1. With a cut-off of at most 13 other beta carbons within 10 Å, and DSSP calling the residue loop, which trypsin sites (Lys or Arg not before Pro) in region 549-601 qualify? Please list them.
2. How much of the pair distance distribution for region 651-789 lies past 20 Å, counting alpha-carbon pairs only, in percent?
3. So how do 938-950, 768-780 stack up, highest first, on mean other-Cβ count within 10 Å?
4. Using a 1.4 Å probe and ignoring any ligands, DNA or RNA, find the accessible area of residue 205 and quote it in Å² to the nearest 10.
5. Just how far, in whole angstrom, is region 710-778 from region 240-282 if you go by their alpha carbon centroids?
6. Given the peptides 478-485, 193-200, 697-704, arrange them by the average over their residues of other C-beta atoms within 10 Å, most packed first.
7. Of 729, 488, 358, which has the most accessible area with a 1.4 Å probe, and how do the rest follow in descending order?
8. Probe radius 1.4 Å, ligands and nucleic acids left out: which of 54, 270, 906, 879 has the largest accessible area, and how do the rest follow?
Amino acid sequence: MRCSLVIQRFCGGDEKRVDSRTIYVGHRPCPDTEAFIPSKFCDNRIVSSKYTVWNFLPKNLFEQFRRIANFYFLIIFLVQVSELSSFIICNTEKDLQALPATIECEQPQPDLYKFVGRMHIYKPEQEPAVRSLGPENLLLKGATLKNTKKIYGVAVYTGMETKMALNYQGKSQKRSAVEKSINAFLLVYLCILISKAVVCTTLKYVWQSKEGQDEPWYNQKTQKEKDTNMYLKMFTDFLSFMVLFNFIIPVSMYVTVEMQKFLGSFFITWDKDFFDPEIQEGALVNTSDLNEELGQVEYVFTDKTGTLTQNNMEFIECCIDGFQYKHRDTRCELDGFTVTDEPVNKLQQKEKEELFLRALCLCHTVQVKEAGSEEVLTDQVDGIDGMQPQPEEERGFIASSPDEIALVRGAMEYGFTFLGLESKSMKIKNRENNIEEYKLLHVLNFDPVRRRMSVIVQTKSGETLLFCKGADSSIFPRVKPEEVDRIRMHVERNATEGYRTLCVAYKQLSAEEYAVADTGLREARLTLQDREQKLMAMYNQVETGMSLIGATAVEDRLQEEAAETMEALQGAGMKVWVLTGDKMETAKSTCYACRLFQRGTELLELTVRTLEDGRLKLSFLSCRSWSTANQDYGFIIDGATLSLMMNPPREADASQYRSLFLQICQNCTAVLCCRMAPLQKAQIVKMVKNSKGSPITLSIGDGANDVSMILEAHVGIGIKGKEGRQAVRNSDYAIPKLKHLKKLLLAHGHLYYVRIAHLVQYFFYKNLCFILPQFLYQFFCGYSQQPLYDAAYLTMYNICFTSMPILAYSLLEQHISMEILLDNAALYREIANNAMLRWRPFLYWTVLGIFQGLLFFFGVRFLFSNPALQDNGQVFGNWSYGTIVFTVLVFTVTLKLALDTRHWTWINHFVIWGSLAFYVFFSFFWGGIIWPFLKQQRLYFVFANMLSSVSAWLVIIILILLSLLPEILLVVLRKPRGPHSRQVYLFLPFPF
């Protein structure tokens, strides 16, 4: 096989390229009349990784330096393949090798459900035979073979030009609100650091400008120091002060945050409440970077089928010619919505019943699953096992939609069984157990625009019949008006009850009508240009003048505890939007069943057909009064209206429509968007995500059509449902059932946010307490960059003395028990909108750090106003001064964390009291031994001598108590609001 045609690499720009490609099969030589152009198709390699050898360094550096701290650390440091193809199927290897043919097909494009091509088969001394190629002839990666052991094919797309490769979209780096707050706080502390360095550098030269201060008699300058440029020396001093004070930037905080996120994610995986015995799986965490974001969700976007509902379709009832048939009850009864004045013709009714059931058995794309010797038969949807096991005498079914299996099984309940399709022959078994055989002539495939599908079959007697099923809005305009009235009320009632409805119609084609239809369909399928438009025109031409037989009602039951979950989310202050492709009536009923819409909710519907009407309706809704007391609003919009709003004829109107749309939706407790395409779902999420205030969004779904909105939202949740694992693979978190979302957000999300918010504020606070005395000390040492603390203390403070308590706190703290959080969804609102990382609590922590830093330094200085602090009259030196300050510091910040702890475990006790004991032990050990590798040992016996002074003991204890006194008074005097607010306000550092 060889390929010829110059093509240009597929891309999304406006670059011109050849419309089709030609592939030569069976080593057929290029015709003499054609110019041979060497093939330039890409190889079969696929790159799906985020990084390559060439772009790893720049891409990774960009991702890392989005954190301001990493760029700062760099500055301080400078100062100090898988393969796959798409195939077209052939019968046998021998046939393939001897097949002289060419395949013309479209250039690579990402639509998985579209493929336009044709095959020319050449035979000696005969006209070439032309065969149409469509999506049903294209084999993609991940396809599963059924009822056959192997296939042979011809590669038409390779490597990065395959559809799967073109559909690959690298996940964007999601950043949590906490990380953005850290960057903002870090800028403040960078400014503080630079300000300190500038102040000390300036005051140093001001102080040295005085006579005798720059060059005292005991510290004469060398000639090299005298010759050094003044500005260069000032810059060097500035950098020295930056290094001296750089500990104010919490380097270890980033390590602790990453450890907290990684280790904390295991609590979700280990939660036994998330385990589902049905699928024998629990929750899955695909990314730990967004744990705290689970506690900040403001908008929840959910799919309906498979998410709110079980996606386990069950045939409930049908209506045939105005007569209602209940599931498992084949008796015919007159529907209350149908009026007749004449006796029912039972013979005629029986004929219509059988015609309707034959339509259900023939109008579908279901395949029969053949069982092996020991295989248990189950129905499959898109290759996913999980439907109910079938008795041995029955066959399992394979279908792309659970609706089709439900309808085929519904026909079985009334005596008509689909036996399978073999060589274009469809076999069914009727009520009399006779086998009926029909020749399948054409399948008019379902598509979301037509919202219907049809088959053309031929009976053994030669009659040609067209059977069609689809949405009522698609079928009713194509049948006789008098037939619609007998069915419409039945369909509307079923939709109101939450059932999924389909209408069934048929048409008998004459020989002339079929000849025209057959010719038109074949010609349309052989074209390469505008094939879809031509097929659509033929479908519309054939599917007219039909007779309406009846309608079906299929139930998709609600997920377990779906209503309680939605009610809890709304109680937590989240706004829930349902984005579904289902019809409005069915989706509306589901929303009522899930309690998203209450009986007292006023529903605002926007289903206009023209842009002008839409403008009037939008303006009316947006200008209405929203101040009605105790009145909840719900908003309903369909895909057609949304498309008009998002893509108006005049681009200038787009922003106005979106603004009005958001204004309406933000005043509603719940929003229903029906008849939505996957791309529209992502557009809705993106529009809300980028709206004023940048609210945190969460998308949850179970199927491939939900992947786009899952990737678009701040947090994506996948449900391990029956529509494959695409949503799970592309999500940030995966849960077995919708009911688990309640605990994931209200309990885990709440606690994760509180823990990490406290961790961030605590790190900035304790480092400010740590470095402020160092800054103040420069005013008393001639701005000489003399450190207040020993180098060992500088290194060990964040690594050993204060790191483990806050890590344990950030993993184990439960300021409110999970049971109370689940029972009182309103507690979620207490931490909404990043409440604990706003500027007000940040200012509180900063003021607290400044107060304690000043108290540490000047309290110890007051002690040193009496130089003789030991019984033998010896005086303490500067290292004793710094050690006392450091001791007060370590004990104060650790005990501050102990005061904040509400949930004590043995681990908390161990790390808090163990850290303090380790500090004391280390100080004795470090200062009690002469270390040979140290040139100078500043703390030799300093700590032991310090503790021998009663005055030092007294000052340490008093300063610790005075430092913690404001916190104790705040806890005692704070007045809680609400039944459980005491737990919240005891914890939060400032009343909100």
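1. Values: sites: 557, 575, 583, 588, 595, 599; in loops: 583, 595, 599.
Taking region 549-601 and a limit of 13 other Cβ atoms within 10 Å, the loop trypsin sites (Lys or Arg not before Pro) found are 599.
2. Result: 64 percent of Cα pairs exceed 20 Å.
3. Values: 938-950: 17.9, 768-780: 21.4.
Highest to lowest by the protection proxy: 768-780, 938-950.
4. 30
5. 9
6. Working: 478-485: 14.5, 193-200: 17.2, 697-704: 27.0.
Output ranking for 478-485, 193-200, 697-704: 697-704, 193-200, 478-485.
7. Details: 729 155, 488 95, 358 50 Å².
Largest accessible area first, the list is 729, 488, 358.
8. Putting 54, 270, 906, 879 in descending order of accessible area: 54, 906, 270, 879.
The values are calculated or read from the model by the stated rules, or taken from the named source; none is laboratory data. The model shown is predicted, which means the values in this text are computed figures rather than measured ones. Neighbour counts run over all protein chains shown; Cβ positions are idealised from the backbone, glycine included. Only protein heavy atoms, including side chains, enter the accessible area calculation; ligands, DNA and RNA are left aside. Shrake-Rupley method; radii C 1.70, N 1.55, O 1.52, S 1.80 Å.
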